[in-house]
1. Test residue 275 against the criterion of being modelled with pLDDT under 85 and either aliphatic (A, V, I, L, M) or part of a helix (DSSP H, G or I) (or both), and give yes or no.
2. Are there any pairs, at least 6 apart or on different chains, whose C-beta atoms fall under 6 Å, with the first in the range 13-35 and open to solvent by 40 Å² or more (accessible area, probe 1.4 Å) and the second charged (D, E, K, R), and if so, which?
3. Show the residue pairs that are 6+ apart or on different chains and have beta-carbon atoms under 6 Å apart, the first residue being within the range 233-248 and closer than 19 Å to residue 86 by Cβ, the second being open to solvent by 40 Å² or more (accessible area, probe 1.4 Å).
4. If you take the residues of the range 182-232 that are basic (Lys, Arg) and assigned to a helix (DSSP H, G or I), which of them is farthest from residue 129 (Cα to Cα)?
5. Can residue 38 be described as under 24 Å from residue 271 (Cα atoms) and part of a helix (DSSP H, G or I)?
6. Just one of 233, 192 is at pLDDT below 90 and polar (S, T, N, Q); which is it?
7. Test residue 84 against the criterion of being at pLDDT below 90, closer than 19 Å to residue 245 by Cα and touching a helix residue (DSSP H, G or I) at 6+ places or on another chain (Cβ under 7 Å), and give yes or no.
8. Here's a check for you: in the range 208-235, which residue that is more than 25 Å from residue 36 (Cβ to Cβ) and not polar (S, T, N, Q) is most open to solvent (accessible area, probe 1.4 Å)?
Amino acid sequence: MMKSLAKIGITVALIVVVALRAGVWDALDRVLSLLPSVLLASAALYLLALAVQSVKLRVLLPECPFSLLFRVTMLGQFYGLVLFGQVGGDIARTVCLARACDDPHKVVAASLFDRITGLIGLLILTMASLWLETDHFSTGLRLTMAFLCGGIGLALAALLLPLHRLLAPVLARLPFADRWSGHLERVRTALTTFVARPPLAMLSILCGVVFQAMVVAICAVLGAGIGIDLPPTVWAVVMGVLSLVLLAPVSVGGVGLRDVTLVGMLAGFGVSADAAFALSLTLLGLQLLGGAIGGVLSLMPPAAPQAAPSSNCPPSH
């Protein structure tokens, strides 16, 4: 309860900071002035990006139908808002998928593997954009950011290889670990299977790069509609940093934290605070769209399991 109240307090404080710096009414006017074609294009790209995310998960769980994976991905968007962050959304998505599949331990392992390869894909695109972008970043800044991103990426890659070995001793220290030892061992076994197949990891990372590229495309489309003229490489760096910042579970659904980060970063490229705030509001609108669709799906009864000799997951309709 106290953590939730703290997050709400931090969210309100961050919004106040942005509101004092940006012209709120000017930002709202920019949002309301967006052409319907821009809004429709960004919404379509957003849903397509979530479809790519579902395909990325299906790389690890090929026995699960795409319709089921897309459904739980949308549910994750809803619970990410309700449960105050990406981690809450990931947990909810994993629980929903585990309940629908015959092998919940493999689902848990796939979710862990999917998150790590997604972060690696994000860092690859961010570093490549830093390397290509020479007009807006100084050499020192490019080297510093590339070093930081590369360090994080190497740390994730180093974690990915022995993840199945590191998981057991860490979780063994949790309360009631003895009762869950069998489940933990099955998750570890599933992780071993993923780690032992490098082409699988590479394909998952590639899907992560494609997903992040679509996020960049969304921002470029919305930014152009608002009046922010930046090259795709700059957007890739901005969104890469923003995605890493939003991993910190300090605000409700990233609200406030996203606004402060975008206003601060885009100011370095000559973008006004109200334009950056307008972009943040439109991104929040897309997040609410995904949450609304996920909320509707959460009210619908799940598909009844159907036995299939060649499938570990029941088809979803």
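1. no
2. Partner pairs satisfying both residue conditions: 26/274.
3. Close Cβ pairs (under 6 Å, with a partner that is open to solvent by 40 Å² or more (accessible area, probe 1.4 Å)) amount to 238/265.
4. Among them, the one singled out is 186.
5. yes
6. None of the other options fit; the residue is 192.
7. yes
8. Among those that are more than 25 Å from residue 36 (Cβ to Cβ) and not polar (S, T, N, Q), it is 210.
The values are calculated or read from the model by the stated rules, or taken from the named source; none is laboratory data. Treat the numbers as computed from the prediction; the structure is a model and nothing was measured. In this analysis, Cβ positions are derived from the backbone assuming ideal geometry, glycine residues included, and neighbour counts consider all displayed protein chains. Ligands, DNA and RNA are excluded from the accessible area calculation, which covers all protein heavy atoms including side chains. Shrake-Rupley method; radii C 1.70, N 1.55, O 1.52, S 1.80 Å.
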